[in-house]
1. Report yes if Ala90 is in contact with a Ser or Thr (Cβ under 9 Å, 6 or more places away or on another chain) and open to solvent by 10 Å² or more (accessible area, probe 1.4 Å), otherwise no.
2. Quick check: anything in region 65-73 under 26 Å from Ser157 (Cα atoms), acidic (Asp, Glu) and open to solvent by 30 Å² or more (accessible area, probe 1.4 Å)?
3. Does region 129-156 hold any residues that are among the hydroxyl-bearing types (Ser, Thr, Tyr) and either at pLDDT 95 or above or crowded, with 18+ Cβ neighbours inside 10 Å (or both), and which are they?
4. Filter region 203-233 for residues that are open to solvent by 30 Å² or more (accessible area, probe 1.4 Å) and at pLDDT below 95 and give the result.
5. Select from region 81-100 the residues that are in a loop (DSSP other than H, G, I, E, B) and farther than 18 Å from Met33 by Cα and write down the one among them that is farthest from the chain's Cα centre (by Cα).
6. Go through region 176-212 and give me each residue that's in contact (Cβ under 8 Å) with a residue 40 or more places away in the chain, assigned to a helix (DSSP H, G or I) and of a type outside the set (Asp, Glu).
7. Just checking, which of Thr183, Thr163 is over 15 Å from Thr103 (Cβ atoms) and surrounded by fewer than 19 Cβ atoms within 10 Å (Cβ to Cβ)?
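The values are calculated or read from the model by the stated rules, or taken from the named source; none is laboratory data. Just so it is clear, the structure is predicted and the values come from calculations on it, not from any experiment. Cβ atoms come from the backbone with ideal geometry, glycine included; neighbour counts cover every protein chain shown. Surface areas here come from the heavy atoms of the whole protein model, side chains and all, with no ligands, DNA or RNA. Shrake-Rupley method; radii C 1.70, N 1.55, O 1.52, S 1.80 Å.
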Amino acid sequence: MANQRGAIIVGASSGIGEALARRLANDGYEIGMAARRTERMQRIGAALPTKSYVATMDVTATEDARAGFFELTEAMPSVDLVVISAGTAARNRDLEWEPERRTIDVNVRGFTAVATAAMEYFEQNSDHASEANGHLVGLSSVAAHVGNDDAPAYNASKAYVSTYLEGLRYRQTDRDADVTITTIEPGFVDTELSMGGFWECSPETAAEQIARAIAKKRTHAYVTRRWRAIAWLLDLAPEALLRRLL
């Protein structure tokens, strides 16, 4: 179909990415899924109401991930939306190197590899089902607003994601391509990575609110919306107070 919208979700095999694949498919998107767990994605794709495409991808192998992303775009009739949901988190108060390295490799290097590939695709291709030239969505976290002695690399990596996406938005001001950039900052979501506590929502609730932000072409959204107040307080609170509280 000439007007068939397509979405690629990187990190679609579980958690928010999986829930968002189901939600966007219900909205009529064909879904390209990229993650390491191929069989898991195939099972998810088989249950979707629209056509699905699967690419095995480890974002830490950045060159392979970029090549796999472009192969996935070639397999799909149209790619209007790219969501980067892949991420990892580890409690690491002892600062062991391996958990820190893994977090940086996935959340910083892997994220940037896919984000730049998506921007390259959107800026060089205009054959989308929507009128705009594309929409890039990155999952950051409310954790981006504060340091964390329990998971220092995770919070720092999410600060990188939020700031990088902000930079991409600024970059759009003098570009011909009309690419929407959306930063999603969830609080606690009930996934394998959750370090949760209060106000924890389900992946389905998160996906519903993210889909709404996508439809409205929001530049920034908190999930759930009440986390906006927490982010605001974290930005304003003195560091000495945050040390005592956190």
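1. Details: in contact with a Ser or Thr (Cβ under 9 Å, 6 or more places away or on another chain): yes; open to solvent by 10 Å² or more (accessible area, probe 1.4 Å): yes.
Considered against the rule, which asks whether it is in contact with a Ser or Thr (Cβ under 9 Å, 6 or more places away or on another chain) and open to solvent by 10 Å² or more (accessible area, probe 1.4 Å), Ala90 comes out as yes.
2. No, there is no match, as no residue in region 65-73 is under 26 Å from Ser157 (Cα atoms), acidic (Asp, Glu) and open to solvent by 30 Å² or more (accessible area, probe 1.4 Å).
3. The initial filter retains those residues of region 129-156 that are among the hydroxyl-bearing types (Ser, Thr, Tyr), namely 130, 140-141, 154.
Across region 129-156, the qualifying residues are Ser140, Ser141, Tyr154.
4. Correct list: Arg225, Arg226, Arg228, Ala229, Ile230, Trp232, Leu233.
5. Step one: of region 81-100, the residues in a loop (DSSP other than H, G, I, E, B) are 85-96.
The next check asks that each one be farther than 18 Å from Met33 by Cα; those that pass are 89-96.
Numbers: Ala89: 14, Ala90: 18, Arg91: 21, Asn92: 23, Arg93: 26, Asp94: 28, Leu95: 26, Glu96: 26 Å.
Step by step, filter region 81-100, then rank; the result is Asp94.
6. Correct list: Pro203, Ala206, Ala207, Ile210, Ala211.
7. Details: Thr183 fails: surrounded by fewer than 19 Cβ atoms within 10 Å (Cβ to Cβ).
Going through Thr183, Thr163 in turn, the sole match is Thr163.
Yes/no per residue for (1) at pLDDT 95 or above; (2) among the small types (Gly, Ala, Ser); (3) over 26 Å from Tyr222 (Cα atoms):
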position	(1), (2), (3)
Ala7	yes, yes, no
Ile16	yes, no, no
Ala25	yes, yes, no
Gly45	yes, yes, yes
Thr103	yes, no, no
Thr112	yes, no, no
